[in-house]
Amino acid sequence: MELFSRLTGSALFSAVFIFLVSFAIYSPSLKHDFVWDDVEVIAKSNVSFDASNIAGVVVPGIEKNKKERYYRPVVYTSMVLDNGLWGVSPFGFHLSNLLMNAIAAVLFYFAALLVLRELSGGGREAAFLSALLFSLYPMHVESVSWIAGRTDVLCALFFFLAFVAHILSYRNLLFLVITALSFALALMSKEVAVAFPFLALGYDLITRRLGGRSNILRYAVYTGLLLLYIYLRGRAFANIPEIPGTGIEAGASTGAGLIGAYSGYMKTILGAYMLYLNKLVFPFDFNAFITSIPLGAVYIASAVVVTAALAVVSAVSLIRKENVTAFSIFWILLTLGPSAIISIFGIASTPAAERYLYIPSAGFCLLLGYWIFRVSEHPRYRHAAVALAIVVVALYAVFTYQRQAVWKDDLSLWSDTSIKSFSHPLPHSNYGLALSKVGDSEAALREYKIALSPEMNDSPRGKAVTANNAGLEYLQMERYPEAERWFLKALEFDKGYGRTYYHLGLINYIKADVTGSPESLADAERYLKKVFEHYYTFGRANLILAKVYMKMGERDKAVKEAETAIKTGLPPALLKEAQDILVIDDESGKNEPE
């Protein structure tokens, strides 16, 4: 430990070392592709990343229905910057994730340094070890290697900065400006940032400086920012989403009939706490698609016992002046709260996720780093403490490095996930898409059929999407009758899924092109018109409809649809097809008598 103490003598050296370790351990991600939501959010939607839209994202328009679920303008802004710098380059987006994660690790180091100095009178080495553990923590892979997972990294970056500035504001009140700005940016990165004022409050209570007059200003600023955030979010988003199965807003009066339901929600929250606490302590059991919260009687009883025990340990620690232990446990339980609560809402595709551990893991790493050094202070246990530190650091590094391979591309991700969450249809459906992308049609169809098997119990929309994908696979194989049959199945599952109408229109256009059947042309026109009952714009549908009208000899309608297709945006190859229709019309007009 003496050598370790000399190496950590300089805070600047420690910070640089933490940054480099954080960046190096995730460097394999720089070679990774877009995966999962990245494809839709970035690769296919990059035209929406326009700096002129930022103001409208920060102050959204008022909407009556309030159907949106996320208010994260800082994340959107980061995507705009990446798109401006790199275009649609996975490398550039991954590089930004790595840099933000490394900066977040450094900021956590300074936060740990301040906390340990104030609560234990020292702890330079413990702060370094805590930050090192945080930078290598295996459960961070989802947040760092997955571009769309940067919400947690960005939120943590500003969350840690706000906390550091909050502590420093007791030395110079001007730091309150940095605290306020950082807290605001954290809120606009992810909802878990609402925990910050309560974390600051708990810290101030432990350090016994809550009574200072300047705290009136501090907490007035924090409260004001929180209320402003709720107002801005509430303009277009539901601040309290509807709880599935109640049909009412959370917290509304529902009568005695819902007492059982709400007790079920409490069990879910407790189960989520236990799931996250297990993963915090043993961060080696990975699954990118956690399909359910365990709700067995023994599991829930264990959750009650563990959370109660942690609360008791925290209280006893306060009494015994073990303030670092008390604060670390408080950090963990507090910042896990939002993630445990949202498990009862149908907000995300899964009720729990490993990326939600990013900020809570800081409290765990602080606790672990602190106690390793506390134990090392006893000569009898010094060697054991050193060995434990080496083993934990090595395990974290190995598992973090290896886990990144799963996030290399969709094929790797969904191959792994479809095994670990075999009973859920979405991993199989997504694995099918990944297999289709690499040309393995038979394997893709096998996964689609698994996803559509009765025991999967998917939603009507989920079944429609999977059946539509199966139809697309047969379409690529030029097995048109089977493709049409699967598209019709998709409509049976969900008549509101608009893409199926487009594909049925396309199939009937192909049939008409091969057979010359006017009935198929009429069916193509009918299906393509239905597309626009579900989508405001759909350039591909406009283009096929233009081709249908050309075959019908209705040039005016064809030109109108081609012009609309061009306005709504098309890939280069399809854009040329639409432009060719306009050229044909111009040339035909030249041959008409004057």
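Restricting the stretch 213-236 to residues that are under 19 Å from residue 168 (Cα atoms) and touching a residue at least 24 places away in the same chain (Cβ under 8 Å), the residue that is farthest from the chain's Cα centre (by Cα) is 214. The set of residues in the stretch 312-359 being touching a residue at least 40 places away in the same chain (Cβ under 8 Å) and of a type in the set (Asp, Glu) consists of 354 alone.
Listed conditions (1) among the aliphatic types (A, V, I, L, M); (2) in contact with a Pro (Cβ under 7 Å, 6 or more places away or on another chain); (3) at pLDDT below 95 are all met by residue 426, apart from (2).
Condition check for residue 323 on (1) among the polar types (S, T, N, Q); (2) touching a Leu at 6+ places or on another chain (Cβ under 8 Å); (3) within 30 Å of residue 458 (Cβ to Cβ): one failure, at (3). Here the helices (runs of 4 or more DSSP H) wholly within the stretch 399-512 that include at least 2 residues being in contact (Cβ under 8 Å) with a residue 60 or more places away in the chain are 410-420, 425-437. Whenever a residue of the stretch 19-42 is under 25 Å from residue 396 (Cβ atoms), its partners that are among the acidic types (Asp, Glu), lying with C-beta atoms within less than 9 angstrom and at least six residues away or across chains, give the pairs 32/409; 35/409; 35/410; 36/410.
Scanning the stretch 35-47 for any residue that is surrounded by fewer than 19 Cβ atoms within 10 Å (Cβ to Cβ), at pLDDT 95 or above and either under 30 Å from residue 426 (Cα atoms) or polar (S, T, N, Q) (or both) turns up nothing. Looking for something in contact (Cβ under 8 Å) with a residue 24 or more places away in the chain and over 15 Å from residue 159 (Cβ atoms) - is there at least one such residue anywhere in the stretch 182-190? Checking the stretch 182-190: not a single residue is in contact (Cβ under 8 Å) with a residue 24 or more places away in the chain and over 15 Å from residue 159 (Cβ atoms).
The values are calculated or read from the model by the stated rules, or taken from the named source; none is laboratory data. Being a predicted model, the structure only gives us computed values, none of them experimental. Please note: Cβ atoms are built from the backbone with ideal geometry, for glycine as well, and neighbour counts cover all protein chains shown.
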